[in-house]
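Undergrad: Handing you a structure now.
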Amino acid sequence: KKELNLANIYYLPIKKNKFLSLIYLFRLKPNYCMLYRGLKAFSFTKKYDYVLIHGFHADSIISNPHLSEAKFIYRMHNYEFYYSRKKIKFEVGLLNKAVRLLDAYKIKFRELKLLRFVHSILFISYKEYLFFNAGFGSKSYFLPTYQNDVSISSFDSSKHKFGQILFVGNLFTGYNLHGLYWYLENVHPILKEASKEYIFCIVGNSAGFEIN
């Protein structure tokens, strides 16, 4: 808190288990949003003029009575409906695919509701900025992640032709494993053969599943 010069830090307790996930199927909110539903009744010690929502899953905060006078800004990382539909093919079994499809359409209507409500929308993808600009042009802004020129130049001038590559992500989600397998089959052998300095490190929770 002192290091980052922050006035207040709030912690929201989150409960997550398979039983709750089953109950959430019968709610209008997407599963991920239900985990953060406590934001609706969360008690803030101060009033705020602006609230930056970093991800649609935190949309319950727009209904918080303590923030009724604030203007909300939504930072869109990606079009969640499109992203969720793409993940369906990585699910195993028809039931899991059906659940993912149901959740995807919940996400679609929930995110559109959020887009209509907020004061401004910040896009990191120019393609998505153009896609949504027709309907939300007056409050849409293309604002990609800031890049430090010094960091980029120092990376480009690195003396190491091949360095260490780190993969960080859970190892029990289908699309994460699919991407990891693709890299190991198509990229990893090439880099391994090209340089003795190359190291590939995998970090992630397997949730008790054995990884072959």
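Yes/no matrix, rows are residues, columns are (1) at pLDDT 85 or above; (2) part of a loop (DSSP other than H, G, I, E, B); (3) within 21 Å of Y74 (Cα to Cα); (4) over 14 Å from the mean Cα position of the chain (by Cα):
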site: K16; (1), (2), (3), (4): no, yes, no, yes
site: S21; (1), (2), (3), (4): no, no, no, yes
site: K29; (1), (2), (3), (4): no, yes, yes, yes
site: C33; (1), (2), (3), (4): no, no, yes, no
site: T45; (1), (2), (3), (4): no, yes, no, yes
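Undergrad: I've got another one for you. Could you please let me know if L130 is out of contact with any Leu (no Cβ under 6 Å at 6 or more places or on another chain), farther than 25 Å from T173 by Cβ and not charged (D, E, K, R)?
TA: yes
Undergrad: If you go through the range 53-65 one residue at a time, do you hit one that is open to solvent by 50 Å² or more (accessible area, probe 1.4 Å), in contact (Cβ under 8 Å) with a residue 24 or more places away in the chain, out of contact with any helix residue (DSSP H, G or I) (no Cβ under 6 Å at 6 or more places or on another chain) and not small (G, A, S)? I'd like the intermediate steps shown before the answer.
TA: Residues of the range 53-65 that are open to solvent by 50 Å² or more (accessible area, probe 1.4 Å), as a first pass: 54, 63, 65.
Within this subset, residues satisfying the condition of being in contact (Cβ under 8 Å) with a residue 24 or more places away in the chain are none.
No: the range 53-65 contains no residue that is open to solvent by 50 Å² or more (accessible area, probe 1.4 Å), in contact (Cβ under 8 Å) with a residue 24 or more places away in the chain, out of contact with any helix residue (DSSP H, G or I) (no Cβ under 6 Å at 6 or more places or on another chain) and not small (G, A, S).
Undergrad: Tell me, which residue of the range 155-165 that is of a type in the set (S, T, N, Q) and at pLDDT below 75 is least open to solvent (accessible area, probe 1.4 Å)?
TA: That would be S158.
Undergrad: Moving to a separate point now. Mind counting the residues in the range 166-212 that are open to solvent by 80 Å² or more (accessible area, probe 1.4 Å), hydrophobic (A, V, I, L, M, F, W, C) and modelled with pLDDT of 85 or more?
TA: Here the count works out to 5.
Undergrad: Does any residue of the range 66-86 turn out to be touching a helix residue (DSSP H, G or I) at 6+ places or on another chain (Cβ under 9 Å), exposed (fewer than 13 other Cβ atoms within 10 Å of the Cβ), more than 23 Å from S125 (Cβ to Cβ) and of a type outside the set (D, E, K, R)?
TA: There is no residue in the range 66-86 that is touching a helix residue (DSSP H, G or I) at 6+ places or on another chain (Cβ under 9 Å), exposed (fewer than 13 other Cβ atoms within 10 Å of the Cβ), more than 23 Å from S125 (Cβ to Cβ) and of a type outside the set (D, E, K, R).
For (1) free of Cβ contacts under 8 Å to residues at least 24 places away in the same chain; (2) open to solvent by less than 50 Å² (accessible area, probe 1.4 Å), each residue gets a yes or a no:
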position: A98; (1), (2): yes, no
position: D103; (1), (2): no, yes
position: F117; (1), (2): no, no
position: K127; (1), (2): yes, no
position: G135; (1), (2): yes, no
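Undergrad: Another one. Could we say that S125 is within 21 Å of the chain's Cα centre (by Cα) and at pLDDT 75 or above here?
TA: For S125, the condition - within 21 Å of the chain's Cα centre (by Cα) and at pLDDT 75 or above - is met.
The values are calculated or read from the model by the stated rules, or taken from the named source; none is laboratory data. No experiment lies behind these values; they were computed from the predicted model shown. All Cβ positions, even for glycine, are placed from backbone atoms using ideal geometry, and neighbour counts span all protein chains on display. Please note that ligands, DNA and RNA were not included when accessible areas were found on the heavy atoms of the full protein model with its side chains. Shrake-Rupley method; radii C 1.70, N 1.55, O 1.52, S 1.80 Å.
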